[in-house]
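Asker: Below is one structure. I have some questions about it.
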Amino acid sequence: MINYDKSATQAIERSYNTPDIARQRLETLKSLALNVGEHVIDIGCGTGFLVNEMAAVVGESGHLAGVDFSQDMLDVAAQRCDTLPQVTLRQGSAESLPFDDVSFDAASCTQVLLYVPEVESAIAELARVLKPGGRLALIETDWRGLVLNSAHSSLTDRIFNAFDEYVPNANLPARLIPMLKAAGFGAIKVDAIPIINTSNSPANFSAGSLAWTADVAVKSNKVTQDEANQWLADIDSKAAAGEYFFCVNRFLFSAVKL
Ligand SMILES: C[S@@+](CC[C@H](N)C(=O)[O-])C[C@H]1O[C@@H](n2cnc3c(N)ncnc32)[C@H](O)[C@@H]1O
């Protein structure tokens with residue numbers, strides 16, 4: 001399992017500060033169409049980028065609750081939101097939210113459910129805390145759709161298969177619609193949010209994520225350190241030649257609690 005400690009917090013802070021993920025947050029905000037005074041929950045809020053942006057929309061007459069099970073993530077979120085009295089941050093699990101039934105007008109959960117072992121319970125909890133008519137925005141990635149310029153396509157497959165085995169719910173997007181319907185959501189709409197990087201600049205989302213994925217595969221004994229190094233060196237040489245290409249889709253699921 002992933003350890004959401006200080007080092008994971010720093011990695012999220014870097015990669016979620018990139019324009020790629022800022023654009024994802026804009027799409028999430030557009031889909032939720034929040035109003036001043038609304039009560040909103042962000043589950044698995046991480047370092048609080050989305051909490052901060054949603055709190056600015058609902059204003060001080062609204063309420064923005066961020067929940068995460070990592071205190072290290074919440075500490076950074078608290079600093080980010082320290083001038084926003086409408087924000088409360090709570091340590092808690094997506095599978096057992098520390099809030100009453102029918103408390104929120106809207107909910108977000110972005111790039112979290114793949115890490116949650118009891119994903120149906122987490123979706124049931126989202127339905128429980130939303131008011132009827134409450135809006136939901138969920139974001140998940142399907143890493144099987146990765147497009148990467150690599151000379152080692154079988155190594156790419158082995159490295160990403162190792163990632164699939166490492167997280168409890170790999171490739172969730174293909175399975176989410178029936179889960180949402182079963183939990184009482186309707187008006188389900190899905191949009192793709194592509195992340196396309198044509199250089200491995202540190203300002204891009206993919207810069208750290210490929211090295212991190214290779215490391216997961218080594219630690220899971222699915223590839224050797226030499227193989228991981230060979231895979232990363234090839235990607236670096238492609239980047240040096242101006243031939244870097246990375247694309248993955250994130251999927252935004254918008255839904256309404258019936
Ligand atoms: C990839 S980060 C995404 C952070 C944030 N949603 C964003 O988009 O900026 C995943 C977050 O989910 C949190 N998380 C993972 N499993 C969780 C669970 N079962 N309950 C609550 N939080 C969880 C982690 O601590 C981490 O902060």
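Asker: For region 6-94, run through the GluC sites (Glu not before Pro) and keep only the ones in DSSP coil with at most 15 other Cβ atoms within 10 Å of their Cβ.
Answerer: 60
Asker: Would you compute, from DSSP H runs of 4+ residues alone, the mean residue ellipticity of the chain at 222 nm, taking -39500 (n - 2.57) per run and dividing by the full residue count, rounded to the nearest 500?
Answerer: The per-residue figure over the chain is -13000 deg cm²/dmol.
Asker: Would you compute the Debye intensity of region 69-129 from its alpha-carbon atoms alone, equal scatterers and no solvent, and pass along log10 I(q)/I(0) at q = 0.12, 0.19, 0.30 Å⁻¹ to two decimals?
Answerer: Log10 I(q)/I(0), no solvent term: -0.33, -0.82, -1.33.
Asker: Let me spell out the model: positive unit charges on the Cβ of Lys and Arg, negative unit charges on the Cβ of Asp and Glu, origin at the Cα centre of region 6-257. What dipole size does that give, in debye rounded to 20?
Answerer: Its charge dipole is roughly 480 debye.
Asker: With a 10 Å cut-off between alpha carbons and a GNM built on the chain, which of 103, 154, 121 moves the most?
Answerer: Fluctuation is largest for 154.
Asker: Sorted by accessible area with a 1.4 angstrom probe, largest first, how do 90, 144 fall?
Answerer: Most to least solvent-accessible, the answer reads 144, 90.
Asker: Consider just the alpha-carbon atoms of the chain and return their Rg together with their Dmax, both in angstrom.
Answerer: Computed over the Cα atoms of the chain, radius of gyration and Dmax are 18.5, 56 Å.
Asker: For the chain, find the longest principal axis of its Cα atoms and tell me its angle to the long axis of helix 49-58, 0 to 90°, nearest 10.
Answerer: 30
Asker: Give me a comma-separated list of calculated 3J(HN,Hα) values for region 246-257, in order, Karplus coefficients 6.51, -1.76, 1.60 applied at θ = phi - 60°, integers in Hz, x for any Gly or Pro.
Answerer: 9, 8, 9, 9, 9, 10, 9, 9, 9, 8, 10, 6
Asker: Given +1 on the Cβ of Lys and Arg, -1 on the Cβ of Asp and Glu, and no further charges, what dipole in debye does region 125-258 carry about its Cα centre, rounded to the nearest 20?
Answerer: In total the dipole reaches around 920 debye.
Asker: With unit charges on the beta carbon (Lys/Arg positive, Asp/Glu negative), name the residue among 139, 150, 192 whose Cα is farthest towards the positive pole of the charge dipole of region 6-257.
Answerer: It is 192.
Asker: Considering every Cα-Cα pair within region 177-258, what fraction, in whole percent, is farther apart than 16 Å?
Answerer: The share of Cα pairs beyond 16 Å in region 177-258 comes to 65 percent.
Asker: Take the solvent-accessible surface of the protein heavy atoms, probe 1.4 Å, and return the percent of it on region 1-140 that carbon and sulfur atoms account for.
Answerer: Heavy-atom surface of region 1-140 belonging to carbon and sulfur, 1.4 Å probe: 52 percent.
Asker: Search the structure for amide H atoms under 5 Å from the amide H of residue 108, placed 1.01 Å from N in the peptide plane, and list their residues when 5 or more places away or on another chain.
Answerer: 41, 42, 43, 137
Asker: Using the basic label-point model (7 angstrom from Cα toward the beta carbon), what is the residue 225 to residue 90 distance in nanometres?
Answerer: 4.4
Asker: Suppose we take every Cα in region 126-203 and form the convex hull; what volume per residue is that in Å³?
Answerer: Residue-normalised Cα hull volume stands at 142 Å³.
Asker: Separate question: Just want the answer: with Cβ charges of +1 for Lys and Arg and -1 for Asp and Glu, which residue in 210, 232, 244 is farthest toward the dipole's positive end in region 207-258?
Answerer: 210
Asker: Sequence-distant or interchain residues sharing an amide H contact under 5 Å with residue 64, placed H: which?
Answerer: Those lying under 5 Å, H to H, from residue 64 are 40, 87, 88.
The values are calculated or read from the model by the stated rules, or taken from the named source; none is laboratory data. It should be emphasised that the depicted structure is a prediction, and the values quoted were computed from it without experimental measurement. Quick reminder, even Gly has a Cβ in these numbers, built from the backbone with ideal geometry, and neighbours come from all protein chains shown. All accessible areas refer to the heavy atoms of the entire protein, side chains included, with ligands and DNA or RNA removed. Shrake-Rupley method; radii C 1.70, N 1.55, O 1.52, S 1.80 Å.
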